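Participant: Input: one structure, supplied below.
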Amino acid sequence: MSAARPPLLRVSGLQKLFPIRKGFFKRTAGYVRAVDGVNFHIDEGETLGLVGESGCGKTTTARCVLRAIEPTAGEIFMRVASGSMVELGRLRPAELRALRREMQMIFQDPYTSLNPRMTLLDLVGEPLLVHGMRSRREREERVADLLRRVGLRPEYMRRFPHAFSGGERQRIGIARALALHPRLVVADEPVSALDVSVQAQILNLLVDLQADLHLTYLFVAHDLSVVRHISNRVAVMYVGRMVELAETDELYRAPRHPYTAALLSAAPEPDPRVRSRRLMLQGEVANPAAPPGGCYFHPRCPYAIDVCRTQTPAWQEISPAHFVGCHRAHELQLAGVE
Amino acid sequence: MSREPLLSVRDLKTYFMQDEGLVRAVDGVSFEMAAGATLGIVGESGCGKSVTARSILRIVDRPGRIVEGEIHFRRPSANGGAHHTVDLATLDANGAEMRSIRGAEIALIFQEPMSSFSPVHTIGSQIIEAILLHQEGSRREARDKTIEILRRVGVSSPEERVDQLSNQLSGGMRQRAMIAMALSCHPTLLIADEPTTALDVTTQTQILELMRQLQQEDGMAIMLITHDLGVIATMATDVAVMYLGRVVEQAPVDAIFHAPRHPYTRGLLRSIPRIRSRARLLPIAGAVPHPYDRPTGCPFHPRCPEFRAGTCDRQEPRVTRVGDHHTVSCFLYE
């Protein structure tokens, strides 16, 4: 994979700490370790799913990748047209702005992420204008084309978002993200606010657009069923750290981290005949402002031993392209789902 | 024991009279619940599942109003005598009888554990208040009962938690406290409206397991309202599928998932992503219509793959029996 062509995106040692400020002088009393040493890459044309529970740092990771927020430490490399990798943190503002066209975001909530006072033409055409498409006529043509692509009628161009359902609004958000021919699209929970029957339409649309436009997705979600449907590879995060990363079917069939196995077994299946032997985790997600020592998962892990309480597990490649951060990964036999 | 259902809803209609028009949030809903059973009510946004629950509790917000229908609820008698049944729809929503039922015999758990507790009163004082409202005894005894029930629902160190504010508890702990409050008066019917939707999946498993365990111990019936078919499959004994204010199909849980008859139920099951598969999803066409633009005839007809012009868009399908405790409202079976 790496021999032929470098990946589209490479993230190494990514860290984002949010200071906790206290008192009148707002002195820093500690840090929320939102993202704490995350490494991954995304190949061109693939979808990397990023899953975990609330507060695990998946959204912060996505925002750091887009430089919507400044990481505390770590490097983010993106492959540019010439084929060389550039580090986003070292770019001058103008260079970063140019590269931003190639990285776009789709948001979770189609009700609040669209300005209610802008028509579809303005919403979808705004990025075109910002990036220099001055002719209104040209913009209208491009917007019409984009609306058709996401399954909306171009005649609706002059309407406002409130006239559309949740699923249609999410299509508008997608059209806006696609306006500048991005290569990387970061989708943060793009279907979790939608009704079940509409969720499937949007997932299929994302799959089709990827094939047609050769897009690369970083797909952030909490729902493991949704992630399985769209991802080539999946990364699992827990309290700011990545705990496992593997090719999708392998991760679901043969997870190597106890947290991944627990997540898989906790997902309620829509079939009363498989009321499964649930692996129920005790306790709750650790507080990222005061995480436990050693492996952050150890207080809830049914397999924890002494070393787990004191040492941070190394991020190791346990089999080709299958990474895990667990002291006992080699000896554990964990159940997945077929 | 089960000669008579615990709850029997007959042709319930709850409408909202608004300036923009009439919204038929619940439009002729009928179902029954046996004591100790778990009825799952599933449907997408705007199907009327929450308004149905609020109608039963008589807490429909204005301008909503029950305009028709009956809600027969079997009340246990105080002195061990015979049960008697009341029609909740006819009671004064704020009268003494409804107040003695609401929160005591029928309890409610909301989706948002965040906003369900007062932020300025301790968890304990709110549960104690509920106990004092419906049961005899001193404040001291109510406090002891509160600590006991908090322990029962798995709140750690309940002696301390009882004096904490709700914002000092995590989402999972808050939902446990909510369940404790709901169970404090030993309801015979617990209505849980999206009880785990705001929770993480590992916490959801814990809460569902807790509800199941408490149901086994106390024998209450649970009406579980959710959009999540996974949660329904895990918990329910019977299922009612709702669409735009109607129950379109009702059956035992296994039949709903393995022999669904209504095109909407079938469509829902085909459109959900499954953790064991990567096959392309088969979505239902279109979207749930806006409540002011309710389709004529069968409300599902504009999205239905089995649509028959002249029938489905003109007439309303009747409830038809297609199997044991299995009913469908669709012209395919009439």
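The values are calculated or read from the model by the stated rules, or taken from the named source; none is laboratory data. The shown structure was predicted, so the numbers you read here are calculated from the model rather than taken from an experiment. No Cβ is skipped: glycine too gets one built from the backbone with ideal geometry, and neighbour counts run over all protein chains shown.
Participant: Residue check, B:H301 against (1) within 20 Å of B:I256 (Cβ to Cβ); (2) at pLDDT 95 or above, all met but one. Which one?
Facilitator: (1)
Participant: Which one is surrounded by the fewest Cβ atoms within 10 Å (Cβ to Cβ) among residues in segment A:69-87 that are outside any strand (DSSP E or B) and modelled with pLDDT of 90 or more?
Facilitator: Restricting to residues being outside any strand (DSSP E or B) and modelled with pLDDT of 90 or more, the top hit is A:E70.
Participant: Filter segment B:132-145 down to the residues that are over 18 Å from B:V155 (Cα atoms) and not small (G, A, S) and list them by number.
Facilitator: Result: B:L132, B:L133, B:H134, B:Q135, B:E136, B:R139, B:R140, B:E141.
Participant: Hey, another quick one. Tally the residues that are closer than 12 Å to A:V324 by Cβ and surrounded by fewer than 24 Cβ atoms within 10 Å (Cβ to Cβ), restricting the search to segment A:242-276.
Facilitator: Adding up the residues that qualify gives 3.
Participant: Here's a follow-up. Among all residue pairs at least 6 apart or on different chains, which show Cβ distances below 7 Å where the first residue, located in segment B:207-218, is farther than 10 Å from B:V153 by Cα and within 14 Å of another protein chain (Cβ to nearest Cβ) and the second is of a type in the set (S, T, N, Q) and part of a helix (DSSP H, G or I)?
Facilitator: B:L208/B:T234
Participant: Return yes when A:A289 is over 18 Å from A:A261 (Cα atoms) and surrounded by 13 or more Cβ atoms within 10 Å (Cβ to Cβ) and no when it is not. Before you say what the answer is, go through the steps one by one.
Facilitator: Numbers: over 18 Å from A:A261 (Cα atoms): yes; surrounded by 13 or more Cβ atoms within 10 Å (Cβ to Cβ): yes.
Spelling it out, A:A289 is indeed over 18 Å from A:A261 (Cα atoms) and surrounded by 13 or more Cβ atoms within 10 Å (Cβ to Cβ).
Participant: Further question: For residues that are within 14 Å of chain A (Cβ to nearest Cβ) and in a strand (DSSP E or B), tally how many sit in segment B:40-67.
Facilitator: Total meeting the criteria: 2.
Participant: Would you please name the residue that is surrounded by the most Cβ atoms within 10 Å (Cβ to Cβ), looking only at residues in segment B:180-206 that are of a type outside the set (A, V, I, L, M), within 14 Å of another protein chain (Cβ to nearest Cβ) and assigned to a loop (DSSP other than H, G, I, E, B)?
Facilitator: Filtering segment B:180-206 for residues of a type outside the set (A, V, I, L, M) gives B:184-188, B:193-197, B:200, B:202-206.
Okay, now just the ones that are also within 14 Å of another protein chain (Cβ to nearest Cβ), so B:194-197, B:200, B:202-206.
Among the residues that remain, those that are also assigned to a loop (DSSP other than H, G, I, E, B) are: B:194-197, B:200.
Values: B:E194: 19, B:P195: 28, B:T196: 26, B:T197: 14, B:D200: 22.
Across segment B:180-206, the extreme among qualifying residues is B:P195.
Participant: Another question, then. From A:E138, A:E95, grab the single residue that is among the acidic types (D, E), surrounded by 13 or more Cβ atoms within 10 Å (Cβ to Cβ) and part of a helix (DSSP H, G or I).
Facilitator: On the way: A:E138 fails: surrounded by 13 or more Cβ atoms within 10 Å (Cβ to Cβ).
After ruling out the rest, the residue left standing is A:E95.
Participant: Looking at B:A251, B:A287 in this structure, which one is in contact with a His (Cβ under 7 Å, 6 or more places away or on another chain) and either closer than 30 Å to B:F73 by Cα or surrounded by fewer than 21 Cβ atoms within 10 Å (Cβ to Cβ) (or both)?
Facilitator: Unique residue meeting the criteria: B:A251.
Participant: Residue under question is B:A287, and the condition is that it be away from chain A (no Cβ under 14 Å), in a loop (DSSP other than H, G, I, E, B), modelled with pLDDT under 95 and farther than 30 Å from A:R233 by Cα; does it hold?
Facilitator: No; evaluated as a whole, the condition is false for this residue.
Participant: Further question on the same structure: Of all residues in segment A:176-205, which are within 23 Å of A:R101 (Cβ to Cβ) and surrounded by 23 or more Cβ atoms within 10 Å (Cβ to Cβ)?
Facilitator: A:R176, A:A177, A:A179, A:V185, A:V186, A:A187, A:P190
Participant: Filter the helices (runs of 4 or more DSSP H) completely within segment B:94-149 down to those with at least 2 residues that are touching an Asp or Glu at 6+ places or on another chain (Cβ under 9 Å).
Facilitator: Here the list reads B:123-134.
Participant: Okay, moving on. For segment A:17-35, give me each residue that is without any contact (Cβ under 8 Å) to a residue 60 or more places away in the chain and surrounded by 13 or more Cβ atoms within 10 Å (Cβ to Cβ).
Facilitator: A:L17, A:F18, A:P19
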